[in-house]
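Some notes on the structure that comes next.
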Amino acid sequence: MELQTIDASISPNTDPRRGGGGISVAIDGPAGAGKSTLAKRVADALGYLYIDTGAMYRAATWVALEQKIDIANHDLVTRLVANADIQLAAPDEKSQGKVRVFVNGSDVSFIVRSRIITKFVSPISAIGGVRTILADKQKKIGANGSVVMDGRDIGTVVLPHAEVKVFLTASPEVRAKRRLKDMQQMGQTADLQTIIEDIKTRDHIDSTREIAPLKQAEDAVLIDTDNHSIDQVVETVLELCRQKLAARREQ
Ligand code: C5P
């Protein structure tokens, strides 16, 4: 399958699904809330492009760790990320439903979801220069509409004018159980308590950082997934999208 580059100058025009004229859908929330499953299904149902912005931050983290640099040197991390060619591609049969990630042509899809990257991704994502580079790309990709993007700051910073904004959440225990299942499917081992702690640490860093912290946009719809199946949540979000599309047609 052809690569779906996240280079904004190419991506919006090379995806055959993007005829334009569609709405933008922003899905934010803490780790393990089920954002990527929801976003992917909504994008598939609407025929829109799906952008997993967490995968971009994971790729940036891999770039910094692979060079074995001091990640406290924010200028150096930012320079490395600016010079890296980060691309995303649709999931294939080997990637277990996950978006594939390429850095400078190498497939890093598996390693970017490893525990070591997960441990360092929040500190790297808090670096202002890194956020500027990735958020600029995301904004350009989203500029044509017909996109579903998930992350932490999509409704607040990247796509503040998105027609549909969802803030997805669930209790740390439920989120950790989902992560554990995810990790087991990828052949990784972990215990639930450690994952709960990891998730809480990541949420704390993500929601207290100075730049673009994780928070619900004022006009986002809050959905708690503890007591709802993924099918119910997908249907709720698709209904929100249908309403926006119908309202747009009437204008
Ligand atoms: O979504 P995922 O759990 O893969 O995201 C990994 C990390 O990337 C988050 O914990 C957060 O630190 C960072 N991130 C971010 N802004 C986004 C998406 C992800 O800071 N829009």
Only helices (runs of 4 or more DSSP H) wholly contained in the stretch 53-137 count here; list those with 1 or more residues that are more than 14 Å from the ligand (Cβ to nearest atom).
53-66, 74-83
Please enumerate the residues belonging to the stretch 147-169 that are more than 22 Å from Ser229 (Cβ to Cβ) and surrounded by fewer than 24 Cβ atoms within 10 Å (Cβ to Cβ).
Thr156, Val157, Pro160, His161, Glu163
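Is it the case, given these coordinates, that Thr189 is loosely packed, with under 14 Cβ neighbours inside 10 Å and more than 26 Å from Ala162 (Cβ to Cβ)?
Details: loosely packed, with under 14 Cβ neighbours inside 10 Å: yes; more than 26 Å from Ala162 (Cβ to Cβ): yes.
Against the criterion (loosely packed, with under 14 Cβ neighbours inside 10 Å and more than 26 Å from Ala162 (Cβ to Cβ)), Thr189 qualifies.
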Filter the stretch 127-141 down to residues that are farther than 19 Å from Gln216 by Cβ and either surrounded by fewer than 24 Cβ atoms within 10 Å (Cβ to Cβ) or not hydrophobic (A, V, I, L, M, F, W, C) (or both), then give me how many there are.
10
Of the residues in the stretch 163-222, how many are within 30 Å of Gly21 (Cβ to Cβ), in contact (Cβ under 8 Å) with a residue 24 or more places away in the chain and not basic (Lys, Arg)?
12
Identify all residues within the stretch 203-251 that are surrounded by 15 or more Cβ atoms within 10 Å (Cβ to Cβ) and in contact with a Pro (Cβ under 8 Å, 6 or more places away or on another chain); write none if there are none.
Asp203, Ile205, Asp206, Leu214, Ala217
For the stretch 187-212, which residues satisfy the criterion of being outside any helix (DSSP H, G or I) and more than 13 Å from the ligand (Cβ to nearest atom)?
Gly187, Gln188, Thr189, Ala190, Asp191
Return yes or no: is Asp70 modelled with pLDDT under 95, among the acidic types (Asp, Glu) and touching a Leu at 6+ places or on another chain (Cβ under 6 Å)?
no
Considering only residues of the stretch 142-161 that are touching a strand residue (DSSP E or B) at 6+ places or on another chain (Cβ under 6 Å) and in a helix (DSSP H, G or I), which is farthest from the ligand (Cβ to nearest atom)?
Gly142
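Residues are listed down the side, and each one gets a yes or a no for (1) at pLDDT 90 or above; (2) over 17 Å from Pro30 (Cα atoms):
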position: Thr189; (1), (2): no, yes
position: Thr201; (1), (2): yes, no
position: His204; (1), (2): yes, no
position: Gln232; (1), (2): yes, yes
position: Val237; (1), (2): yes, yes
position: Leu240; (1), (2): yes, yes
position: Glu250; (1), (2): no, yes
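The values are calculated or read from the model by the stated rules, or taken from the named source; none is laboratory data. This is a predicted model, so every value here is computed, not measured. All Cβ positions, glycine included, derive from the backbone under ideal geometry; neighbour counts span all protein chains shown.
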